[in-house]
Amino acid sequence: MTSDSKTHRVQLRYGKEDLILETGRLAKQADGSVVVQYGGTMVLVSAVVSKSPKAGVDFLPLTVEYQEKTYAAGKIPGGFFKREGRPSEKEILTSRLVDRPIRPLFPKGFRNEVQVIALVLSHDVANDPDILAINGASCALGLAGAPLASLVGACRVGRANGNFILNPTYAEIEQGDLDIVIASTQEGIVMVESNAKEVSEEVVVEAMRFGHQHNAESIRLQEQLISSSDLKKPPVEVSPGLDPGLLERVKKAAEAKLTEILGSQSKKEGSSEEIEALVKELAAQWSTPETPEMEGQVKEALDQVQKSLVRRMILQERRRLDGRDLTTVRPVTCEVGVLPRTHGSGLFSRGQTQSLSSATLGTSSDEQIIDALQGKSFKSFMLHYSFPPFSVGEIRPMRGPGRREIGHGALAERALRAVMPSKETFPYTVRVVSEILESNGSSSMATVCGGTLALMDAGVPLKAPVSGIAMGLVKEGSQHVILTDIIGLEDHFGDMDFKVAGTSRGITALQLDLKLPGVPVELLSEAIQQAKPARALVLERIQQAIPAPRAELSPYAPRITLLKINPEKIGELIGPGGKTIRRITQESGASIDVEDDGTVMVASSDAAAAQKAIDFIKGLTEEAEIGRVYQGVVKRITNFGAFCEISPGKEGLCHVSELSDQFVPKVEDVVKLGDTIAVKVVEIDSMGRINLSHKQALLPPGTPPVPPARRPSERGEGGDHRPRRGPGPPRGGEFQREPRRGGRMGGGHGGPPRHPAPHV
């Protein structure tokens, strides 16, 4: 790689590949920019920090955007417009993954706008760019002079055959039983995102310790690049924050009233309306001509006083806002079958959090197509989370799902995916929707529990039920308290939101968000162990409501039957331009999906319709069996016999001599068009033509077979007699030349392309 004198580049061995950081070559007008490379994957991360606080905001105005462009993997976007549109779910989740570890590292009261943009420039379809984006965001902010408390390192840890893998590839993740992303400072872990296949708590803790150790190497590499670069910007000034005098005045005037409000165990009684009224009252008292707008400052001060009271109550008095001790779970109720026409439904309530979940079963044609940089894939299990404003007593417009809703749904989906049955044992596409009807603490974990109820009610054979709980933390100095099943205010005023989901055998998903610049692994281990009995309690409530998945599916759910056919027969099943398979679906009413390996899925909520389609497919794709008796439909009559369809598209000839054990002067004396008669397959000749016998089909079972009559030529009346040349039909009856299709008389077609098989 060539560079000018202003380009700086550092690298180290980080797992199986080199982690390379470079600055000074691309995006030089950004306050800070860095190109991060790992293998053939490259991400450009830029950071821009405004020089002054943004007016009128009481939060950190940080935005993180992660974008994937298909050129990075040598692809052109699909669709009509041929360019990227709205962010994909992967881009939204990665944006959140980058945001969460860096947000708590900004100083309290910092109100300058910050924007971090991560662009994937190259993708080797093996290494996920998300880890590079997190490391790049930390480094770019450091180059920009942002006032971070510490730099952040990030890695992914997988596990295969009992061994941890640093930054595993997509293939290694798929084959392993653990996928955990760990972001940390030198002091401790600041963010965790994980899904696992019922891995023990001890293994997860060791994986976090393994990742934290390696993240220290990434942080040192970032420090090396920043210190060697002459592109550093002067540090951004931090606003002094709230006036200490005002804070003291608010504390004296409102502490008693706030204590009274917080002492209420009801969220409604201690709701924000009373706080808002107190803010307006104090602001009106202290407003002067010089400071006409005191409301915002009073509100911020009141929030700090309230936070101090809540934390003191928990740390010193070991008492919580709703009167519980530190480990008690709020009352849990579980119901199933609450929605009469859904395939499965569950209502999960824990305190003032409630999830109404539904499960819908579909066929493979309902799978979601994921067109990602690493290639196209199909998703057969989906979980969607919805958070309407009434769930928290608010009024706001209802638009599409926001980042928070997508993130919470993805977490619950990961928790349940580990226990979903394989496609071979349960060939359904499954969608779970969680409607949050009330929210006061961990609606995502309520979604995990409600989703479990709905799936079991739908008859999905889960490997095990899953429950989840949210753990909190209040930490000051060396003193800390871990809280089980946190409520909203404990999340707001506390230092940690740690969600743990799993079965009785182990963990299936984790998500850690901190407001501290890192906590030690030992503290997280304590939280995971404290969550275990709480998860067990919730699991017990779930199994009291429904001990096991229902043995029968809902009558409104489709029944799917799996068939295996010879892949060479796929073309015959589909037919020219899909003609045959459309005929089957139209006549039976069932839906049919065909895979390239010869797997055929027949789905219908009507058992008779499904069986009709199955019989059609079997008849069309199975070979005729010598000695087997079929019910043949007379399709054509000639002067030498009757052609009978023994299965869809497959015909054989019942010679006139095989119609009866008596002399038959005329075929129509025995059968007519459309008649159904029993016929026995007595011969399949070298050309694949089928000879049938009606008279042998009527003999008692075990009767020795009789050699069939010689198959006549279709050009004449019988034997080897040839019709006369020239116009007009031959003597003895109308002449009709029968086309030979697909090498068999009356069977198959002209050989349409077999792959890919369309979904119908």
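Confirm whether Gly145 is surrounded by 17 or more Cβ atoms within 10 Å (Cβ to Cβ), in contact with a His (Cβ under 9 Å, 6 or more places away or on another chain) and outside the structural domain of Gly402 (by TED's automatic domain parsing). Taking the combined requirement at face value, the residue does not satisfy it. Annotation note: of Ala531, Ala458, Ala454, Ala470, the sole residue that is over 23 Å from the mean Cα position of the chain (by Cα) and touching a residue at least 24 places away in the same chain (Cβ under 8 Å) is Ala531.
Regarding segment 176-186, can at least one residue be identified that is over 20 Å from the mean Cα position of the chain (by Cα), farther than 18 Å from Gly518 by Cα and not assigned by TED's automatic domain parsing to the domain that holds Ala501? No, there is no match, as no residue in segment 176-186 is over 20 Å from the mean Cα position of the chain (by Cα), farther than 18 Å from Gly518 by Cα and not assigned by TED's automatic domain parsing to the domain that holds Ala501. Of all residues in segment 541-550, none satisfies being closer than 17 Å to Ser364 by Cα, of a type outside the set (Ser, Thr, Tyr) and in contact (Cβ under 8 Å) with a residue 60 or more places away in the chain. Taking segment 619-642 as the range and being under 47 Å from the mean Cα position of the chain (by Cα), charged (D, E, K, R) and not in a loop (DSSP other than H, G, I, E, B) as the test, no residue passes. Of everything in segment 79-97 that is hydroxyl-bearing (Ser, Thr, Tyr) and not in a loop (DSSP other than H, G, I, E, B), the residue that is nearest to Arg156 (Cα to Cα) is Thr94.
Matching residues to (1) among the aromatic types (Phe, Trp, Tyr); (2) out of contact with any Cys (no Cβ under 7 Å at 6 or more places or on another chain); (3) over 25 Å from Ala551 (Cα atoms):
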| position | (1), (2), (3) |
| --- | --- |
| Leu347 | no, yes, no |
| Asp371 | no, yes, yes |
| Tyr385 | yes, yes, yes |
| Pro389 | no, yes, yes |
| Val392 | no, yes, yes |
| Pro397 | no, yes, yes |
| Leu411 | no, yes, yes |
| Pro421 | no, yes, no |
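Selection of segment 485-506 for residues being in a strand (DSSP E or B) and buried (at least 23 other Cβ atoms within 10 Å of the Cβ) yields Met496, Phe498, Lys499, Val500, Ala501, Gly502.
For Val629, state whether it is hydrophobic (A, V, I, L, M, F, W, C) and surrounded by fewer than 22 Cβ atoms within 10 Å (Cβ to Cβ). Spell out how you get there, then give the answer.
Values: hydrophobic (A, V, I, L, M, F, W, C): yes; surrounded by fewer than 22 Cβ atoms within 10 Å (Cβ to Cβ): yes.
Taking the combined requirement at face value, the residue satisfies it.
Please verify whether Phe390 is out of contact with any Pro (no Cβ under 7 Å at 6 or more places or on another chain) and surrounded by fewer than 16 Cβ atoms within 10 Å (Cβ to Cβ), treating the condition exactly as stated. For Phe390, the condition - out of contact with any Pro (no Cβ under 7 Å at 6 or more places or on another chain) and surrounded by fewer than 16 Cβ atoms within 10 Å (Cβ to Cβ) - is met. The residue that is surrounded by the most Cβ atoms within 10 Å (Cβ to Cβ), counting only those in segment 181-229 that are closer than 21 Å to Gly32 by Cβ and among the β-branched types (Val, Ile, Thr), is Val190.
Table: residues versus (1) modelled with pLDDT under 95; (2) part of a helix (DSSP H, G or I); (3) within 30 Å of Arg559 (Cβ to Cβ); (4) not assigned by TED's automatic domain parsing to the domain that holds Gly488.
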position	(1), (2), (3), (4)
Arg396	yes, no, no, no
Leu411	no, yes, no, no
Ala415	no, yes, yes, no
Pro421	no, no, yes, no
Ile436	no, no, no, no
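Residue under question is Ile76, and the condition is that it be assigned by TED's automatic domain parsing to the domain that holds Ala183 and modelled with pLDDT of 95 or more; does it hold? Here the answer is no, as Ile76 does not meet what is asked.
Table: residues versus (1) modelled with pLDDT under 90; (2) out of contact with any Cys (no Cβ under 9 Å at 6 or more places or on another chain).
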position	(1), (2)
Gly641	no, no
Cys644	no, no
Asp661	yes, yes
Val670	no, yes
Leu673	no, yes
Lys680	no, yes
Ala709	yes, yes
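Sub-7 Å Cβ pairs linking a first residue in segment 290-312 that is among the charged types (D, E, K, R) and part of a helix (DSSP H, G or I) to a second residue that is modelled with pLDDT of 90 or more and crowded, with 20+ Cβ neighbours inside 10 Å, at least 6 apart or interchain, are Lys307/Phe493; Arg311/Val474; Arg311/Phe493, ordered by first then second residue.
Identify all residues within segment 98-126 that are buried (at least 24 other Cβ atoms within 10 Å of the Cβ) and not in a strand (DSSP E or B); write none if there are none. Selection gives Val98, Pro101, Ile102, His123. Here the condition is being in contact with a helix residue (DSSP H, G or I) (Cβ under 8 Å, 6 or more places away or on another chain), closer than 25 Å to Ala534 by Cβ and small (Gly, Ala, Ser); of Gly337, Gly346, it holds for Gly346 alone. Leu321 meets all of the listed conditions (1) under 22 Å from Lys515 (Cα atoms); (2) surrounded by fewer than 19 Cβ atoms within 10 Å (Cβ to Cβ); (3) out of contact with any strand residue (DSSP E or B) (no Cβ under 8 Å at 6 or more places or on another chain) but one, namely (2). Restricting attention to segment 149-171, does a residue exist that is buried (at least 21 other Cβ atoms within 10 Å of the Cβ), closer than 30 Å to Leu60 by Cα, among the hydroxyl-bearing types (Ser, Thr, Tyr) and touching a residue at least 60 places away in the same chain (Cβ under 8 Å)? No, segment 149-171 has no match at all. Looking across segment 57-76, the residues that are touching a residue at least 24 places away in the same chain (Cβ under 8 Å) and not hydrophobic (A, V, I, L, M, F, W, C) come down to Asp58, Pro61, Thr63, Glu65, Tyr66, Gln67, Glu68, Lys69, Thr70, Lys75. Kindly establish whether Phe59 is surrounded by 18 or more Cβ atoms within 10 Å (Cβ to Cβ), at pLDDT 85 or above and assigned to a loop (DSSP other than H, G, I, E, B). Here the answer is no, as Phe59 does not meet what is asked. Among the strands (runs of 3 or more DSSP E) confined to segment 1-40, the ones with at least 2 residues that are modelled with pLDDT of 95 or more, surrounded by 15 or more Cβ atoms within 10 Å (Cβ to Cβ) and under 36 Å from the mean Cα position of the chain (by Cα) are located at 17-23, 32-38.
The values are calculated or read from the model by the stated rules, or taken from the named source; none is laboratory data. Computed from a prediction, not measured in an experiment: that's the story for all the values here. All Cβ positions, glycine included, derive from the backbone under ideal geometry; neighbour counts span all protein chains shown.
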